[in-house]
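Q: Can you keep this structure in mind? I'll have questions shortly.
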Amino acid sequence: ENLSGLNKNFGGRMTTVLLVDDEKLILRSLEKTLLRAGFDVVTAADCKSGSEIFAKNSDTINIAVLDLNMPSFDGTPKTGAGLDLLADLKKQKPSLPVVILTAYDEVNKAKDSVAGGARAFFVKGREQGLVELIEKILSV
């Protein structure tokens, strides 16, 4: 018997989070936090790999968490690249809830992400808060 009782079930299945951030330490730390909270996590480090991984797993990914600033589709660092990936994922799966990760000094740009179809934005720092936010979005 595996410990599936600990896992977050969403419609009777594991909840899978796509996590995209180019900062390895943040990516690893958030991944650990989400795994500990009972989520399945798929990670990517930039827009291009995030889009490709999503395309392969779009039926199992329930929510995406995207960094606001990371390498864009052409591989160059871009402010707001997460918004490009947001648009791309929404094209692939319009119903996908997306959370944009942002630094505390970029909240205005993050607000644009909500206008662009993100469900919410989250200021990096309090990781447990991200777990709560994801749970709240998926329980609606």
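Q: If you go through the range 34-41 one residue at a time, do you hit one that is farther than 25 Å from Q128 by Cβ and open to solvent by 70 Å² or more (accessible area, probe 1.4 Å)?
A: If we filter the range 34-41 for residues that are farther than 25 Å from Q128 by Cβ, which is where we start, we get none.
Among the residues of the range 34-41, not one is farther than 25 Å from Q128 by Cβ and open to solvent by 70 Å² or more (accessible area, probe 1.4 Å), which makes the answer no.
Q: Residue by residue through the range 95-109, note down the ones that are surrounded by 14 or more Cβ atoms within 10 Å (Cβ to Cβ), touching a strand residue (DSSP E or B) at 6+ places or on another chain (Cβ under 8 Å) and assigned to a helix (DSSP H, G or I). Before the answer, list the steps.
A: Step one: of the range 95-109, the residues surrounded by 14 or more Cβ atoms within 10 Å (Cβ to Cβ) are 96-103, 106, 109.
Add one more test, that the residue is touching a strand residue (DSSP E or B) at 6+ places or on another chain (Cβ under 8 Å), and what stays is 96-103, 109.
Within the range 95-109, just K109 meets the criteria.
Q: Taking the condition of being outside any helix (DSSP H, G or I) and of a type outside the set (D, E), how many residues in the range 14-34 meet it? Quick ask: steps written out before the conclusion?
A: Initially, the range 14-34 is screened for residues outside any helix (DSSP H, G or I), giving 14-23.
Adding the requirement that they be of a type outside the set (D, E) leaves 14-20.
Qualifying residue count, the range 14-34: 7.
Q: On to the next question. Look at F54 and say whether it is open to solvent by 30 Å² or more (accessible area, probe 1.4 Å), under 21 Å from L34 (Cα atoms) and not in a loop (DSSP other than H, G, I, E, B).
A: Working: open to solvent by 30 Å² or more (accessible area, probe 1.4 Å): no; under 21 Å from L34 (Cα atoms): yes; not in a loop (DSSP other than H, G, I, E, B): yes.
Spelling it out, it is not the case that F54 is open to solvent by 30 Å² or more (accessible area, probe 1.4 Å), under 21 Å from L34 (Cα atoms) and not in a loop (DSSP other than H, G, I, E, B).
Q: Something else: Quick check on the range 110-138: of everything there that is of a type in the set (D, E, K, R) and part of a helix (DSSP H, G or I), which residue is most open to solvent (accessible area, probe 1.4 Å)?
A: K136
The values are calculated or read from the model by the stated rules, or taken from the named source; none is laboratory data. Note that the structure is a prediction, hence the values are computed from the model and not measured. No Cβ is skipped: glycine too gets one built from the backbone with ideal geometry, and neighbour counts run over all protein chains shown. Ligands, DNA and RNA are excluded from the accessible area calculation, which covers all protein heavy atoms including side chains. Shrake-Rupley method; radii C 1.70, N 1.55, O 1.52, S 1.80 Å.
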